[in-house]
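Participant: This is the structure, below, for whatever I ask next.
The values are calculated or read from the model by the stated rules, or taken from the named source; none is laboratory data. If you're wondering where the values come from, they're calculated on a predicted model, not measured in any experiment. Positions of Cβ are generated from backbone atoms using ideal geometry, with glycine treated the same way; all protein chains shown enter the neighbour counts.
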Amino acid sequence: MTITSFPVEIDIPGVDIESVRIDREGHYEIRVRSTISGGSCHQCGQHITKYHGRDRVKRLRHLPILGREVYLIICLPRFQCLDCPARPTTTQQVPWHERRSPQTTAYEMHVILSLIGSTVEEVSLKEGLGYEAVMGIMRRHLQSKVDWGKLSRLEQLGLDEISLKKGHKDFVTIASARIDGHIELLGVLKDRKKKTVKEFLQSIPNNLKKTIKSVCSDLYEGYINAAKEVLGKRVRIVVDRFHVSKLYRKGLDTLRKRELSRLKEELSEKAYSELKGAMWALRKNKAKLSTKENVLLKKLFNYSPSLETAYHLQNDLTSIFEMKISRSGGKRRIKNWIGRVKASEIRCYDKFISTLESHLEEIVNYFIDRHSSGFVEGFNNKIKVIKRRCYGILNVDHLFQRISLDISGRRIFTL
């Protein structure tokens with residue numbers, strides 16, 4: 001069915017509408033012609049204007065109008081180059097369509113934005129496109145590597161790992177940067193080996209390396225040593241305080257399990273039942289304990305003095321990290337804490353103290369600007385959500401594209 005009047009503009013510069021019809025499926029077919037003058041020779045690149053017929057008819061998917069699918073029907077003009085010896089002909093290339101694509105660029109941007117917070121499968125079904133068609137759009141418009149040329153500085157780098165499959169040790173490294181408060185994805189590395197991380201850091205252009213102030217990491221030596229060897233002493237390596245906290249809390253938790261197991265054997269069933277909930281009270285911030293929880297802990301500590309000592313030592317170390325003190329002040333207090341632990345009969349922190357002494361310089365760098373990799377942890381949680389939503393992504397290039405799209409897509413593709 002041909003439409004005699006069509007008040008809606010398709011908003012493509014350099015194009016005139018010739019006719020509009022509704023096909024058997026109820027889609028708009030809009031026949032258009034290009035009003036752009038001439039083209040560029042595919043051999044010499046010169047502007048050419050000698051008309052030489054038309055290319056084959058193309059049917060291109062465009063943005064929907066009034067709830068209907070829209071297709072543009074166009075025959076692009078061909079032009080002949082009189083400067084090249086063979087006088088080749090070239091089909092005009094238009095800015096609103098990429099050669100060989102069955103969609104307009106505007107429609108492909110619509111598909112890209114639809115992928116934010118969604119999956120390829122869902123967008124494929126919603127738009128009536130094949131799975132590979134959506135993947136092709138992603139490959140055309142989403143980079144699988146960082147474009148260093150778009151960055152003017154890096155400031156704070158973060159290195160952390162995630163597992164591609166839950167329960168498997170197929171780790172990949174996520175490299176990111178916090179710049180002016182927002183997170184920039186720098187790389188998804190194939191593993192977490194020191195060699196791989198080192199090669200990535202070496203690939204950062206020198207002008208950007210000079211802008212790095214600190215690198216935040218967990219206690220994994222592969223990250224720490226790679227950063228030291230590539231970036232040198234000028235850049236501070238900061239071990240995240242929350243990873244440190246996780247280790248010493250694990251020490252207390254180990255002792256708690258052992259002591260409760262002992263008490264279960266020694267106490268009556270009634271007396272032991274009165275200790276129910278002790279685990280959560282031990283893990284809770286001391287300042288936020290309720291009266292009932294304080295009573296519970298007092299009862300537990302009457303049965304286990306060693307657990308009380310370990311509990312107070314844990315809270316003392318947490319207090320040190322929360323103090324607004326200098327690096328040297330923090331280092332002195334942590335060394336004093338280590339001395340107190342070693343002088344006590346508590347052994348649940350032995351493994352932690354060994355790690356603490358090995359990486360003390362990187363750990364106390366936290367007190368300089370109180371940098372942490374909290375931004376990295378938050379970022380990794382977003383990545384885990386993307387993985388779950390997409391039922392797992394095993395290809396690191398595809399993972400880079402999906403992460404970039406979710407964190408920066410609207411900012412980039414709606415400009």
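Participant: Looking at segment 214-245 only, could you name the residues that are farther than 23 Å from I334 by Cα and surrounded by 23 or more Cβ atoms within 10 Å (Cβ to Cβ)?
Facilitator: Within segment 214-245, Y223, A226, A227 qualify.
Participant: Now, a different point. Under the condition of being β-branched (V, I, T) and either touching a strand residue (DSSP E or B) at 6+ places or on another chain (Cβ under 9 Å) or assigned to a helix (DSSP H, G or I) (or both), which residue from segment 383-405 is farthest from V146 (Cα to Cα)?
Facilitator: In this case the residue turns out to be V385.
Participant: Ok, one more. Can you tell me how many residues within segment 227-247 are part of a helix (DSSP H, G or I) and either under 21 Å from the mean Cα position of the chain (by Cα) or under 15 Å from V364 (Cβ atoms) (or both)?
Facilitator: 6
Participant: Might you let me know whether segment 84-104 holds any residue that is of a type in the set (A, V, I, L, M, F, W, C), over 35 Å from the mean Cα position of the chain (by Cα) and over 30 Å from V235 (Cα atoms)?
Facilitator: Scanning segment 84-104 turns up at least one residue that is of a type in the set (A, V, I, L, M, F, W, C), over 35 Å from the mean Cα position of the chain (by Cα) and over 30 Å from V235 (Cα atoms).
Participant: Something else about it: Which one of T173, T196 is surrounded by 13 or more Cβ atoms within 10 Å (Cβ to Cβ) and more than 20 Å from R388 (Cα to Cα)?
Facilitator: T196
Participant: Still on this structure: Among the residues of segment 119-133, what is the count of those that are exposed (fewer than 15 other Cβ atoms within 10 Å of the Cβ) and without any contact (Cβ under 8 Å) to a residue 40 or more places away in the chain?
Facilitator: Residues that pass the stated criteria total 6.
Participant: Across segment 266-294, what is the total count of residues that are aliphatic (A, V, I, L, M) and more than 44 Å from the chain's Cα centre (by Cα)?
Facilitator: Looking only at that region, the number is 2.
Participant: Condition check: within 37 Å of the chain's Cα centre (by Cα) and closer than 30 Å to N365 by Cα. Does K257 satisfy that?
Facilitator: On the way: within 37 Å of the chain's Cα centre (by Cα): yes; closer than 30 Å to N365 by Cα: no.
No.
Participant: Something else: Could you list all residues from segment 286-325 that are outside any loop (DSSP other than H, G, I, E, B), over 14 Å from Y248 (Cα atoms) and either in contact (Cβ under 8 Å) with a residue 24 or more places away in the chain or not assigned by TED's automatic domain parsing to the domain that holds L263 (or both)?
Facilitator: Of all residues in segment 286-325, those outside any loop (DSSP other than H, G, I, E, B) come to 286-288, 291-303, 305-322.
Subset that is over 14 Å from Y248 (Cα atoms): 286-288, 291-303, 305-306, 308, 322.
Matches in segment 286-325: K286, K299, L300, Y303, S306.
Participant: Out of L275, L282, L252, L208, report the one residue that is touching a Leu at 6+ places or on another chain (Cβ under 8 Å) and assigned to a loop (DSSP other than H, G, I, E, B).
Facilitator: L275
Participant: Separate question: Would segment 103-111 turn up any residue that is within 18 Å of V70 (Cβ to Cβ) and in contact with a Ser or Thr (Cβ under 6 Å, 6 or more places away or on another chain)?
Facilitator: no
Participant: Among the listed residues V188, V146, which satisfies the condition of being among the aliphatic types (A, V, I, L, M), surrounded by 13 or more Cβ atoms within 10 Å (Cβ to Cβ), touching a strand residue (DSSP E or B) at 6+ places or on another chain (Cβ under 6 Å) and not in a strand (DSSP E or B)?
Facilitator: Details: V188 fails: not in a strand (DSSP E or B).
Just a single option satisfies the conditions, and that option is V146.
Participant: Does S114 count as among the hydroxyl-bearing types (S, T, Y) and either over 19 Å from S404 (Cα atoms) or outside any loop (DSSP other than H, G, I, E, B) (or both)? Write out each step before concluding.
Facilitator: Values: among the hydroxyl-bearing types (S, T, Y): yes; either over 19 Å from S404 (Cα atoms) or outside any loop (DSSP other than H, G, I, E, B) (or both): yes.
Yes, satisfied.
Participant: Among the residues of segment 336-349 satisfying the criterion of being assigned to a helix (DSSP H, G or I) and in contact (Cβ under 8 Å) with a residue 24 or more places away in the chain, which is surrounded by the fewest Cβ atoms within 10 Å (Cβ to Cβ)?
Facilitator: It comes out as R340.
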